[in-house]
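The structure appears right after this line, and notes come after that.
The values are calculated or read from the model by the stated rules, or taken from the named source; none is laboratory data. It should be emphasised that the depicted structure is a prediction, and the values quoted were computed from it without experimental measurement. In this analysis, Cβ positions are derived from the backbone assuming ideal geometry, glycine residues included, and neighbour counts consider all displayed protein chains.
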Amino acid sequence: MSSPAANIATAISTPTLDSESPALLQSITSHGGYAFTRMATLAAAGDQRAAEAACEMAWEQLHSGPWHSVLPVWRDAYSMACLHVAKFHLSNGEFRDALRSLDMGIIMGGPLLRKDLDSAIEGVLAAKSRHYHNEVADNDKEGHGEAGSRLLVSPQEFDKSEVLRILPIRSLSSKIVGKRSALSLEAFLCEYFLSGSPVIITDCMAHWPARTRWNDMDYLRRIAGDRTVPVEHLS
């Protein structure tokens, strides 16, 4: 099993940051960010505390006044710090914290490093998925795996009497009711809707992955449970 530390180079690749870092740090310094530049340089050299300190410094600058008055360079600085912090979280196997750092970089950061952030999120999710599947495989080998995934909606048997109670009486007056599998919209309109004939349509959603995936709590937590999203109050 490969460790998160072994996957860090491929999970979080930052080509834009690598090429734009000198110019970005110079711009930050020219706007008074000497301390940030120092911390960011140490973070790039492998200092996790420096990465966290740089993130806090950029965060303070983002909240130094109204959003429209924040210098764009500090938004890019925050994105840079978030990428550094996420790398350390991933190397420690902290997938949730890594994703949160990257999501915050997207929400609050600037456009310069957006591609790096998006790519890093895909990499962390892939590394997390591999880690999850390896754990499941290990549990199955040891006999500790669950019998099945937890479903949000439990399958229920078809209750014909309940359907007859709900349906209007006139809807049951037709002696012949057709039953078609995966009927197209065009065929439904031409063959049944225009003539007012009833029809039972089946299997129209059988190919939808959401029928099973969105009903699996483990799947939802695995792909979206650790993501951070902005919430705005509209009055």
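A few comments on the model shown:
- Unique residue being farther than 18 Å from Asp118 by Cα and out of contact with any strand residue (DSSP E or B) (no Cβ under 8 Å at 6 or more places or on another chain) when the list is His89, His68: His68
- Residue match in the stretch 142-157 (condition: assigned to a strand (DSSP E or B) and modelled with pLDDT under 95): yes
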